[in-house]
């Protein structure tokens, strides 16, 4: 799949060597927010601090300082740190799984287009923690906490494990659907392709470390599409029929 320029960003003038994680603005009057809003505010800040600094680098004191509350307030809502992290991880995993489901199970897109959609979704997440395309700040809570899984509770580790299982099932479904629609050859190793895509997904945050930034991750996705998917692409006439099927379904729904 030729590399598209569908993702644009302005290069940050900030030196990459001294790049610092982006910070969300402090919430005015956060200490007087309703209970439900306060819980969400605490979790929002916790997600960013956990992603940026890891489990050991995130403290109740940091959260309290940013929100203008006391650590007692955080204990009131969540109890200890492990309990807060359990809820944050469960919610984060559920949100990411929902986006993956909307990508991989989309009946109106080819497998190659789904990979492009995944790149664009990763770009959304990457931008929350990096300015421009060359930043190397961590941007995936799942990827970050996998490095510290020994510090997590059984519940949090189970959430991370379920994520891999769920994503693998979604990707296998997407590959099988592409095969059924005629995008892939009859002898395409569908399970192998799904396994390779799964490992790209699980390693996405790693590809942006160092000097490569987001460009390196995007190049890797594009290389996979060109080499692996092209190697097992069906005959051009079958691919054309497969790509035209979504448009036919859309016309049928509109009529």
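The values are calculated or read from the model by the stated rules, or taken from the named source; none is laboratory data. No experiment lies behind these values; they were computed from the predicted model shown. For neighbour counting, all protein chains shown are included, and Cβ atoms are generated from backbone atoms with ideal geometry for every residue, glycine included.
Data overview
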read-out	value
The stretch 120-145, residues that are closer than 14 Å to residue 46 by Cα and either in a helix (DSSP H, G or I) or not assigned by TED's automatic domain parsing to the domain that holds residue 97 (or both)	141, 142, 144, 145
Residue match in the stretch 170-186 (condition: in a helix (DSSP H, G or I), within 30 Å of residue 83 (Cβ to Cβ) and modelled with pLDDT of 95 or more)	yes
So residue 52, is it surrounded by 11 or more Cβ atoms within 10 Å (Cβ to Cβ), in contact with a helix residue (DSSP H, G or I) (Cβ under 6 Å, 6 or more places away or on another chain) and modelled with pLDDT of 95 or more	no
Yes/no for residue 198 being buried (at least 17 other Cβ atoms within 10 Å of the Cβ), at pLDDT 95 or above and under 17 Å from residue 117 (Cβ atoms)	yes
Condition check for residue 95: in the same structural domain as residue 204 (by TED's automatic domain parsing), assigned to a helix (DSSP H, G or I) and under 13 Å from the mean Cα position of the chain (by Cα)	yes
Hits in the stretch 201-220 - residues which are crowded, with 16+ Cβ neighbours inside 10 Å and more than 22 Å from residue 131 (Cβ to Cβ)	201, 202
